[in-house]
Every structure is written in C-alpha cells, then in structure tokens.
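Structure record follows, encoded as structure tokens.
The values are calculated or read from the model by the stated rules, or taken from the named source; none is laboratory data. Model, not experiment: these values are computed from the prediction. Cβ placement follows ideal geometry from the backbone for every residue including glycine, while neighbour counts extend to all protein chains displayed. The protein model used for the area step is the full one, side chains on, heavy atoms only, and it has no ligands, DNA or RNA in it. Shrake-Rupley method; radii C 1.70, N 1.55, O 1.52, S 1.80 Å.
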Amino acid sequence: MRKTRMWSVAFVLLLVLSTVLVACNEGGSQSSGSQEDTLVFGRGGDSTSLDPSRVTEGETFKVTVNIFETLLNFGEDDTTIQPGLAKEWKTDDGLTYTFTLEEGVKFHDGTDFNADAVVKNFERWANGDADKFPYYNSMFGGFKGDEGHVIESVTADGDYKVVITLKRPQAPFLKNIAMSMFAIASPDAFEKGDDQFERNPVGTGPFKFVEWRPNETITIEKFDEYWQEGLPKLNKVIFKSIPDNSTRLNALMTGEIDIADGINPADGEKIEQNEELQLIERPSMNVGYLGLTVTRPPFDKKEVRQAMNYAIDKETIINSFFEGRANIAKNPMPPSISGYNEDIEPYEYNPEKAKELLAQAGYPDGFEMELWAMPVPRPYMPDGAKVAEVIQSNLADIGVKAKIVSYEWPTYLDKASKGEADAFMLGWTGDNGDADNFLYVLLDEDNIGSNNYTYFKNTDMHDLLIEAQTEVDENKRIELYKSAQEIIHEEAPWVPIAHSTPLLAAAKGLKGFKPHPTGSDILSKVELTK
C-alpha cells in the first residue's frame, strides 16, 4: 500500500510538472525558462499568398524566405552573392551557368531536392504569364516564346548539376536568381495546382508551413530534417497581423509579441529608453513614392505630372512622419544603389510653379482626382493615411481636389496594378541591390501590368535599360542608368518622396536577428532568452 500511494503522489507531481512545462512553451517570450521555443512576429499586414513566385509584396516574402530557399543567397546584411541550394557555380562566357547543388536536401513533403526539381521550377515559371508570375516577367524579360525572354534553357546534368543558358548576357543574373521569389519549391506540391500550393507551401527551408488564419496569423515550425545542422534554433514562428502601428507596439510592450516591424519613427526614442526592449534599424534600400497613372487623364500630360512634383511638400512629410530617419527622394532608387544620379536637380516645393504648369496643360482651375492611400504601414511609408492627408492639403493649395480612398492591401495592389488609380501611394524595397531592380522593374514598358503600376513607357529609356542589362562593364552600366534617371525625372511618372531607415523593435531577449536590406529576414539563427 505504501509503495502504491507514494507512486501515485509521484505520478500526480509529474503530471503537474508536465503541465507547467507545456504552459511555459506555449506562452511566447514572457513565459518562464531560459530558452524560448516560439517567436511571435508582429507585422502590419497579412501575406497575399505563400507562393513567392506569384507576388511582388514584402509581407509574403517575410514568411516564405523561411519556408523556401533559393539556388544562391545574399549575404547576411548585404546583397553579395553567397552559396544557397547551389554550393558552387561558374560561367565562362556570361551565357552558360553551371550550378553544383547540395546533396541530401529534402523538401518538407519528404521528396528529394535535386537538379530535376530545379528544372521543373524554372519550367513552371517560364510557361506562365504576367498575371501568374509577375516577377519572373520583370526579371527575365517575359516567358517562353517571348522575344525578350532572356533564358534559353534550363537543363539537368545528372542529379546535382543544373545548366542555365541565356540568350544574351544579363549583368544582374546571379543576383536575380538569389531573390526570394525564385525560391525552389517541391514539384510534387505545386503540380497539385497553383491555387492549392499558395495556401500549402512546400520548400526546403528551416521552417515548414503549419497554418494560415487570414488577416490573423501564419504559423511555421521547425523542419526536423533541415539540411543545415543545428538550425533553426526556434521551434515555431507565428506571424501576427496587427495593422495599427501603436497597437503593434503596445503588443510588444505587454509581451503579446516578441518583435514588431513597421515601428513609427516617432516611437524610436521611447523604445530606446525602455530597458525591456531593443530598437533595430534595417539598412536602407528603398523608396516611397506617389505613382501617377499616365494612361488616366489628366496624368497623361507631362506638365500635370511635373506640377504634382512641385506641389508636394516632401520636407514636411519627412519631418512629420519619419522623425529624421529618412532622406528626401529625388530619384526612383536610393543613393546606396550603384548608378544613382547625384547630379539631377530635384523638384523643389513650389506651389506657384505647379499652378503655372497646370495652366499650361489646360487646367488653370485645377481638377478633381482620387488619391489612393496605403492601408498598411510599409518600411518606406510608416503611415500612409496621414501622409495622404498632407498630400491632399498640398494639392488643394494648387486647386486640385483630391479624394482619399483606400482598400484592403491585396485589393489595393491588384487594382493599382491594373491601372485603376489616378494617383497611388506605394514604394519599393530593393530585392537584389541592383539599379535594374528599381528602374527596369518599376518603370519599364516590359513591366506594365506587373510592377510598373504607372503604365509609363518611353522608348529611349527602354533601350538604355536593356543595354544596361546586357552590359557587363560596371562603369558603362552606371552611365546608362544615370541617363535613364534623367528621362524619368523629366517625364515625372512618380513623385519620389522618401528613402527611409525602417525601424523594428524587439524584446531584449531576442538574439541572432539580422535585419536584411531587402526586408526579407531569415529567422533560422534567432533565439529568445528570458
């Protein structure tokens, strides 16, 4: 009897202890224990898909960069080319690239990563269209059969070598295939259908997909068979959508989340003074802008677009909403990108000059328009609604009546990409650190309907950008890009506003987090300690 009773007591105590341990592991960073298993990542908006090849927006890449991997990687804090799923690569002529792949890598569904899988991914993209794979179109000049398509062939040479042959040299080619949207997915998974795959992603990355609750959370968990030993350090990551910046910061301060992006610059000092938090600056590689859809009157007239540039008080916007953590933009790419044209004279804030241009264009009394305001905070635009109010006031000063409208983030992007906005607020965080990723991707005629939301086209600029893609002499490329920026400045399809230094904040116990300039942060080395 005594032994039985003692065993019963011990069993009950064991149950209690187990319950306590489980509670600790499910509570986020505020639970007890020296090492935490779950990171809760607070962000401003939901993803639009979990198939990185089908989108162009950062909220998707924020998640998918941890589920999928690319043939090549960028450096931990820059865009230098590093090994990825391909451990080696070589080219002799700039036209034929041979990639030697890592062996023994598994997709999350248990199938093998090999050369055949890489070929099938490229075939999937090349056989698509701009609606399905907009970024492939932007970076590789179209699709299979198109005159501008730069990729001639992708073939397997045995199980662990892939040969990619180009029709013409493409200077940023290696950087292009290191971008998040060209991650290698399981063919078994995507062959079940694109729509199913974007809700059930399968890659080779450190984390595998668990659950997506739209507009609430996306959960990923440690992939036990991940090929890089000792990684990831976390067992689970939960991406939580909290649209309001202040609410997201409060969630961090109360321990509901462990890290928050989209921090208002005005809150930076408050975070620095909080001993329980740490402020994190992301290296700047972005631009926030007001796009003017050139196919919609009155923005089909250059003088009107130039007037918009003179009308908007960028300095007030930056002082009011960026707290000194941004620079006024004059070009469509940041100064950190090679080829930036420093010699361009910016449009000054000059309402009288704006009125003169409107009169020249036939609008002496102004006009009415819709001004689309971003519904989510982005690195390049921390509070779209408030910035829109300043722009609205500026335009009223020159006789332009702007009605502010907005939509949910996926709808906003979809409608803007179809040319349905008069003027829209948007921005871009560079994906590979090359001028081509800003100028060609965002403003060239090849990308109308994908990333060129303004529908701007200019034959002379197009020729310059295609020549720059093909030119391997970096000094010559720089001059070509400088010339392209002069055309963009004169034609004014955008009002460039700001190059920001995006802010994140995290619990003091977060270790190993490296904010990447592209905005896509790999979380495999992140740890949480009490």
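When peptides 87-97, 487-497 are sorted by average Cβ neighbour count within 10 Å, with the highest value leading, the order is 487-497, 87-97.
Note: relative contact order over the stretch 63-207, using C-alpha pairs below 8 Å and six or more positions apart, is 33 percent. When peptides 355-366, 498-509, 232-243 are sorted by average Cβ neighbour count within 10 Å, with the highest value leading, the order is 498-509, 232-243, 355-366. Helix-only arithmetic for the chain: the sum of -39500 (n - 2.57) across DSSP H runs with n ≥ 4, divided by the residue total, places the mean residue ellipticity at 222 nm at -9000 deg cm²/dmol.
Please calculate how many Å² of accessible area the stretch 89-245 carries per residue, with a 1.4 Å probe and no DNA, RNA or ligand atoms counted.
Numbers: 6800 Å² over 157 residues.
Result: 43 Å² per residue.
Taking a ≥ b ≥ c as the square roots of the eigenvalues of the Cα gyration tensor, an a/c ratio of 1.5 or more together with a/b no larger than b/c marks the stretch 178-222 as oblate. Once you reduce the stretch 451-530 and the stretch 46-92 to the center of their Cα atoms, the two points are 15 Å from each other.
Take the cross-link list Lys208/Lys240; Lys175/Lys314; Lys236/Lys514; Lys314/Lys401 and give me the ones stretching past 22 Å between alpha-carbons.
Numbers: Lys208/Lys240 17 Å; Lys175/Lys314 32 Å; Lys236/Lys514 18 Å; Lys314/Lys401 19 Å.
Check vs 22 Å cut-off fails for Lys175/Lys314.
Quick one: putting +1 on the C-beta of Lys and Arg, -1 on the C-beta of Asp and Glu, what dipole do you get for the chain around its Cα centre, in Debye to the nearest 20? Can you show the working numbers first?
Numbers: 52 positive and 87 negative charges, 381 e Å.
So the magnitude is around 1840 debye.
The antiparallel fraction among DSSP beta bridges confined to the chain stands at about 80%.
For a protection proxy built on the mean count of beta-carbon atoms within 10 angstrom, sort 427-436, 313-322, 157-166, 278-287 highest first, please. If you can, show how the numbers build up before the last one.
On the way: 427-436: 24.4, 313-322: 18.3, 157-166: 16.5, 278-287: 21.0.
Packing proxy ranking, top to bottom: 427-436, 278-287, 313-322, 157-166.
In a simple Cβ point-charge model (Lys, Arg +1; Asp, Glu -1; nothing else charged), the stretch 260-363 has a dipole of about 700 debye relative to its Cα centre.
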